[in-house]
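Student: Got a structure for you, written out below as structure tokens; questions coming shortly.
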Amino acid sequence: MRTIEKSDLGVEVVEAANGVDGLLEIGRVQPALIVLDYGLPDLNAAQVIQRLLEPGRRSDAEVVVITGGMPDQAAQRLREVGVRVILNKGEGMAAVVEAIRQALRRRKAA
């Protein structure tokens, strides 16, 4: 995440070690953008997003999911719940930074 902090994106990075902590931070910070690793230690990205969409919770954050690989069905499910960008870790941090840049542009345009 240091690469993101050192980029010219001008964003504050808030990290969490797992999905439950991530949900707590999302509730606390109300971010415009969420970058999730698909395979978190306790929940996968789809489970985190499902919890964000539960009644009583509000998040209109753009979500970018990074993965080392996932079943096609999982990618399809993520797209069904609104994830626009799924990146393979092999694409590197430059691709992640660019995906964040584009997501932030979409948010400003909306």
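Student: Which residue pairs have Cβ atoms under 7 Å apart, sit 6 or more places apart or on different chains, and have a first residue in segment 77-101 that is assigned to a strand (DSSP E or B) and a second that is of a type in the set (S, T, N, Q)?
Tutor: Correct list of pairs: ILE86/THR67; ASN88/THR67.
Student: Hey, among ARG51, ARG77, ARG2, ARG28, which residue is surrounded by fewer than 18 Cβ atoms within 10 Å (Cβ to Cβ) and either in contact with a Cys (Cβ under 9 Å, 6 or more places away or on another chain) or within 21 Å of ARG107 (Cβ to Cβ) (or both)? Show your work before the answer.
Tutor: Details: ARG51 fails: either in contact with a Cys (Cβ under 9 Å, 6 or more places away or on another chain) or within 21 Å of ARG107 (Cβ to Cβ) (or both); ARG77 fails: either in contact with a Cys (Cβ under 9 Å, 6 or more places away or on another chain) or within 21 Å of ARG107 (Cβ to Cβ) (or both); ARG2 fails: either in contact with a Cys (Cβ under 9 Å, 6 or more places away or on another chain) or within 21 Å of ARG107 (Cβ to Cβ) (or both).
Step by step, each of ARG51, ARG77, ARG2, ARG28 is checked, and only ARG28 is surrounded by fewer than 18 Cβ atoms within 10 Å (Cβ to Cβ) and either in contact with a Cys (Cβ under 9 Å, 6 or more places away or on another chain) or within 21 Å of ARG107 (Cβ to Cβ) (or both).
Student: To continue, here is another question. When you scan segment 32-52, how many residues do you find that are part of a loop (DSSP other than H, G, I, E, B) and of a type outside the set (Asp, Glu)?
Tutor: The initial filter retains those residues of segment 32-52 that are part of a loop (DSSP other than H, G, I, E, B), namely 32, 38, 40-43.
Among the residues that remain, those that are also of a type outside the set (Asp, Glu) are: 32, 38, 40-41, 43.
Count: 5.
Student: Within segment 1-28, restricting attention to residues that are modelled with pLDDT under 90 and of a type in the set (Asp, Glu), which residue is nearest to ARG101 (Cα to Cα)?
Tutor: This residue is ASP8.
Student: Could you pull out the residue among ALA74, ALA99 that is more than 18 Å from LEU43 (Cα to Cα) and out of contact with any Gly (no Cβ under 6 Å at 6 or more places or on another chain)? Outline the logic, then answer.
Tutor: Numbers: ALA74 fails: more than 18 Å from LEU43 (Cα to Cα).
Just one listed residue meets the conditions, ALA99.
The values are calculated or read from the model by the stated rules, or taken from the named source; none is laboratory data. Source: prediction; values computed, not measured. Please note: Cβ atoms are built from the backbone with ideal geometry, for glycine as well, and neighbour counts cover all protein chains shown.
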